[in-house]
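The values are calculated or read from the model by the stated rules, or taken from the named source; none is laboratory data. What you see is a predicted model; the values in this text were computed from it and never measured. Note that we place each Cβ from the backbone using ideal geometry, even for glycine, and neighbour counts take in every protein chain shown. What goes into the accessible areas is simple: the full protein's heavy atoms, side chains included, and nothing from ligands, DNA or RNA. Shrake-Rupley method; radii C 1.70, N 1.55, O 1.52, S 1.80 Å.
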Amino acid sequence: MTFIVLTVLAYLIGAIPCGVVLTRLCGKEDIRQAGSGNIGATNVYRVAGRGLGIATLVGDALKGVIPTLVASNLDSFSITQVAIVAAATFLGHLYPVYLGFKGGKGVATALGIFIVLSPKSVLLALLVFIALLWKWRYISLGSISAAAVIPFLAFYFEGSFPLFLAALFIAGMVIVRHRANIERLRNGTENKFKA
């Protein structure tokens, strides 16, 4: 019963649209109707400014941290159950019940999840992200590349097959959600990051 309750709560926490909530609280326009229309930190940063963008990033990451941390600290939970709770949190961000199941791309929430499950993997994936962002100035390219490597890093450091499967699922969904960005990267029309 505890597992079912926590899984449902994880989804509901993951579904909180931090970008939408923060921009509305600050009197900004509906982030879904501006810029790329995405509810994540990158679009909030571009449309509503650096401060709200960073706040959205932190909020979305915390959504990943909190349920995963709770699950991983319950002695009665197996690693498989922890992985399922993490996946439920991530799905909440992608398909939030509060927004008609139209959510973000999941990068920040995935970051929060893996900070708990495999911090060494996050560190190396972050280095990949930073290197690619510095070289080509595309946040999407850095995010996609970091997502692609993290399942294998997590398996290398943690040695858990259930965790690897969860990481593979999360990474795959991050990449799928970036399909429009991938097309723009191929066409040379993707927006570059401006500090």
Revision key, fill the gap. Reported set for the stretch 1-31 where residues are touching a Lys or Arg at 6+ places or on another chain (Cβ under 8 Å) and open to solvent by 10 Å² or more (accessible area, probe 1.4 Å) is 13, 16, 18, 30
Exercise for review: Any residue in the stretch 1-18 that's within 20 Å of residue 77 (Cα to Cα): show its pairings with residues that are open to solvent by 50 Å² or more (accessible area, probe 1.4 Å) and not in a helix (DSSP H, G or I) at Cβ separation under 9 Å, as long as the two are six or more apart or on different chains.
Suggested key: 2/74; 2/76; 3/74; 3/76; 6/74; 11/95
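Do we have residue 48 as of a type in the set (A, V, I, L, M) and either open to solvent by 10 Å² or more (accessible area, probe 1.4 Å) or over 15 Å from the mean Cα position of the chain (by Cα) (or both) here?
Taking the combined requirement at face value, the residue satisfies it.
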Practice item. Inspect the stretch 52-65 for any residue being touching a Phe, Trp or Tyr at 6+ places or on another chain (Cβ under 6 Å), in contact (Cβ under 8 Å) with a residue 40 or more places away in the chain and either of a type in the set (Gly, Ala, Ser) or farther than 28 Å from residue 159 by Cα (or both) and give the result as yes or no. Key: no
Check your understanding: Between a first residue in the stretch 156-171 that is over 14 Å from residue 113 (Cβ atoms) and in a helix (DSSP H, G or I) and a second residue that is open to solvent by 10 Å² or more (accessible area, probe 1.4 Å) and not β-branched (Val, Ile, Thr), which pairs have beta carbons less than 9 Å apart while being 6 or more apart in sequence or on different chains?
Key -> 156/120; 157/119; 157/120; 157/124; 161/155
**Study point:** Residue selected from the stretch 32-45 under the condition aliphatic (A, V, I, L, M) and under 13 Å from the mean Cα position of the chain (by Cα), by the criterion least open to solvent (accessible area, probe 1.4 Å)
**Key:** 39
Revision key, fill the gap. When residue 76 is run through (1) out of contact with any Lys or Arg (no Cβ under 6 Å at 6 or more places or on another chain); (2) under 22 Å from residue 15 (Cα atoms); (3) in contact (Cβ under 8 Å) with a residue 60 or more places away in the chain, the failure sits at (2)
Review point. Regarding residue 192, is this residue surrounded by 22 or more Cβ atoms within 10 Å (Cβ to Cβ), in contact (Cβ under 8 Å) with a residue 24 or more places away in the chain and not in a helix (DSSP H, G or I)?
Key: no
Practice item. Test residue 89 against the stated conditions and say whether it is in contact with a Lys or Arg (Cβ under 8 Å, 6 or more places away or on another chain) and open to solvent by less than 20 Å² (accessible area, probe 1.4 Å). Key: yes
Practice item. Only one of these is open to solvent by 20 Å² or more (accessible area, probe 1.4 Å), touching a residue at least 60 places away in the same chain (Cβ under 8 Å) and over 24 Å from residue 15 (Cα atoms): 133, 123. Name it. Key: 133
Check your understanding: Considering only the stretch 20-41, how many residues are part of a helix (DSSP H, G or I) and within 20 Å of residue 89 (Cα to Cα)?
Key -> 4
Study note, to complete from the structure: Going through the stretch 51-86 in order, the residues found to be open to solvent by 50 Å² or more (accessible area, probe 1.4 Å), in contact with a Ser or Thr (Cβ under 9 Å, 6 or more places away or on another chain) and part of a loop (DSSP other than H, G, I, E, B) are 74, 76
Practice item. Of the numbered conditions (1) of a type outside the set (Val, Ile, Thr); (2) part of a helix (DSSP H, G or I); (3) within 21 Å of residue 160 (Cβ to Cβ), residue 133 fails exactly one; give the number of that condition. Key: (3)
